[in-house]
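See structure below.
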Amino acid sequence: MPLSLQASLVSQVFCLALVGSLAVKFWLATRQMRHVHQHRAFVPAAFASTISTEAHQHAADYTQAKTRFGLLSEALGTALLLGWTLLGGLDALNAWVYGLVAPGWGDLAYQLALFGAFSVIGGLLDLPLEWYRSFHIEQQFGFNRMTPRLFVVDLVKGTLVGLVIGTPLLAAVLWVMGATGPWWWLWAWGLWTGFMLLMQVVYPTLIAPIFNKFKPLEDASLTGRVQALMQRCGFQAKGFFVMDGSLRSAHGNAYFAGLGKSKRVVFYDTLLARLLPAEVEAVLAHELGHFHHKHVLHRMLMIFALSLLGLVLLGWLANQPGFYFGLGVTPHLSGTAPNHALALLLFMMASPPFMFFIAPLIARSSRKAEFEADAYACAQTNGIDLSSALLKLYEDNASTLTPDPLYVRFYYSHPPASERLAALPR
């Protein structure tokens with residue numbers, strides 16, 4: 001196929017996916033906002049005795065605000081993506097970085113600098129949106145507890161951690177792409193998989209404490225209760241910890257971190273402040289249900305499989321000049337410099353519009369796992385306690401009780417309250 005035709009085909013397919021995904025996102029968002037608004041006035045009958053009208057309307061307004069902000073973010077993100085690709089932004093950045101770095105520092109330094117420059121520019125462009133989300137939307141609805149100073153501190157910490165961890169990994173991947181021949185994608189996949197498994201081990205003890213404080217669970221009664229639950233379910237944990245989630249947000253959560261016997265159980269302090277001990281036990285039993293049904297393992301394997309397929313595809317695309325020209329970038333021809341960084345960046349930018357269309361399948365699988373984990377929790381604890389805990393979490397997190405059904409099927413990783421609570425045994 002002639003290069004011009006190949007490039008034109010890539011451009012057309014990319015534009016079709018980009019416009020199609022954006023159109024579907026806007027359609028779903030308008031459905032969601034309209035449906036939530038239509039049901040704002042009255043609490044659904046199933047929740048009339050447990051959720052106040054004020055809380056219901058607060059959740060509806062919060063959902064509307066988040067959805068509108070999501071539309072704005074999508075529109076700006078699409079414009080930025082077009083600017084980086086078809087309008088020549090990445091091409092111009094690549095030429096500038098190459099001329100500045102490659103002659104004196106070599107090919108690997110040039111590729112790392114290209115990634116670094118792209119990340120800095122992208123981060124700066126995203127910064128106003130992050131600021132608005134935290135200090136306007138979350139603040140308006142009473143969830144934000146982060147100060148401007150903490151926002152900046154987190155930004156600096158995140159940047160430094162990203163540099164320390166990401167730079168060696170990226171350098172290793174770029175080296176593998178250039179040194180291991182046509183099967184580089186298999187070596188790169190093995191490297192990335194190993195890195196992800198390593199992060200599961202080191203993140204809870206080395207990285208997470210950089211951003212939050214963790215202290216052992218001091219409530220002896222609750223500790224005994226959750227220990228008994230763990231033993232009853234045949235699970236082990238390295239410890240029970242409380243995280244200062246209230247430092248940044250009023251939202252509550254609980255999670256497991258780590259692998260194997262090194263798993264740590266982490267409770268947000270906001271969760272413990274809101275739930276009764278029996279409700280905390282039920283929430284933990286739900287999390288144990290995910291491990292019992294091997295949801296965590298299955299999800300990890302799915303991510304590894306998708307990443308392998310992505311790298312196989314990238315391994316082919318990286319050798320197609322039309323891939324670069326079709327996305328607005330002039331590759332280094334005749335071996336003047338490696339194209340590995342360009343290929344990675346283009347693939348990272350071009351993939352989301354295509355991946356968007358498999359989102360309903362992933363969301364459906366996730367909702368199914370939540371139902372299974374709920375059933376396990378009810379078998380190990382009291383279904384009434386789980387129902388009570390979920391109601392409090394839905395109310396505290398301002399989760400709307402009346403989402404659009406199609407929006408749910410496309411996006412929701414957790415079942416809406418009406419479906420989830422109806423499935424619990426009474």
Exercise. Measuring from label point to label point, each 7 Å out along Cα→Cβ, what is the Ala172 to Thr330 span in nm?
Worked result: 3.6
For this session: Between Glu372 and Met196, take the C-beta separation as r, use R0 = 35 Å, and let me know the FRET efficiency to the nearest 0.05.
Result: 0.90
Seminar exercise, completed: Given the candidates Met177, Phe410, Val226, the one whose Cα lies deepest towards the positive end of the charge dipole of the chain, counting +1 at each Lys or Arg C-beta and -1 at each Asp or Glu C-beta, is Val226
Problem set entry | Two-site label geometry, Ser119 and Ala228: point separation in nm, points 7 Å out along Cα→Cβ | 4.8
Exercise. For the chain, what is the percent of antiparallel DSSP beta bridges, rounded to the nearest 5?
Worked result: 60
Exercise. Using a Gaussian network for the chain with springs between C-alpha atoms less than 10 Å apart, which of these wobbles most: Ser387, Ser246, Ser49?
Worked result: Ser49
For this session: Provide the gained length on full extension for the span Asn397 to Arg68, in nm with one decimal, where the gain is 0.36 nm per separating residue minus the Cα-Cα distance.
Result: 116.7 nm
Exercise. In nanometres, what is the gap between the two model label sites at Leu247 and Lys215, each 7 Å from Cα along Cα-to-Cβ?
Worked result: 1.2
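Consider all pairwise Cα distances in region 313-423 and report the whole-number % of them above 20 Å.
59
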Seminar exercise, completed: In terms of the charge dipole of the chain, which places +1 on Lys and Arg and -1 on Asp and Glu at the beta carbon, the residue among Leu284, Leu9, Pro352 farthest towards the positive end is Leu284
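First measure r as the distance between the Cβ atoms of Gln6 and His136, then evaluate 1/(1 + (r/R0)^6) with R0 = 60 Å and state the FRET efficiency to the nearest 0.05.
0.85
Magnitude of the Cβ-charge dipole of the chain, K/R +1 and D/E -1, about the Cα centre, nearest 20 debye? The partial results should precede the final answer.
Values: 29 positive and 24 negative charges, 95 e Å.
In debye, rounded to 20, the chain gives about 460.
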Exercise. When the helix-only estimate is applied to the chain (DSSP H runs of n ≥ 4, each -39,500 (n - 2.57), divided by the residue count), what is the mean residue ellipticity at 222 nm, nearest 500 deg cm²/dmol?
Worked result: -23500 deg cm²/dmol
Exercise. Equivalent-ellipsoid semi-axes (√(5λ), Cα gyration tensor) for region 145-196, whole Å, largest first?
Worked result: 34, 10, 6
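Calculated FRET efficiency, Ile303 and Val24, Cβ-Cβ r, R0 22 Å, to nearest 0.05?
0.40
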Exercise. When only C-alpha pairs under 8 Å and at least 6 residues apart count, what is the relative contact order of the chain, in percent?
Worked result: 25
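Quick note: the coordinates plus some simple rules give every number you see, no bench work behind them. Here the structure is a predicted model, which is why all the values come from computation and not from measurement. Every residue, glycine as well, gets a Cβ built from its backbone with ideal geometry; the counts of neighbours run over all protein chains shown.
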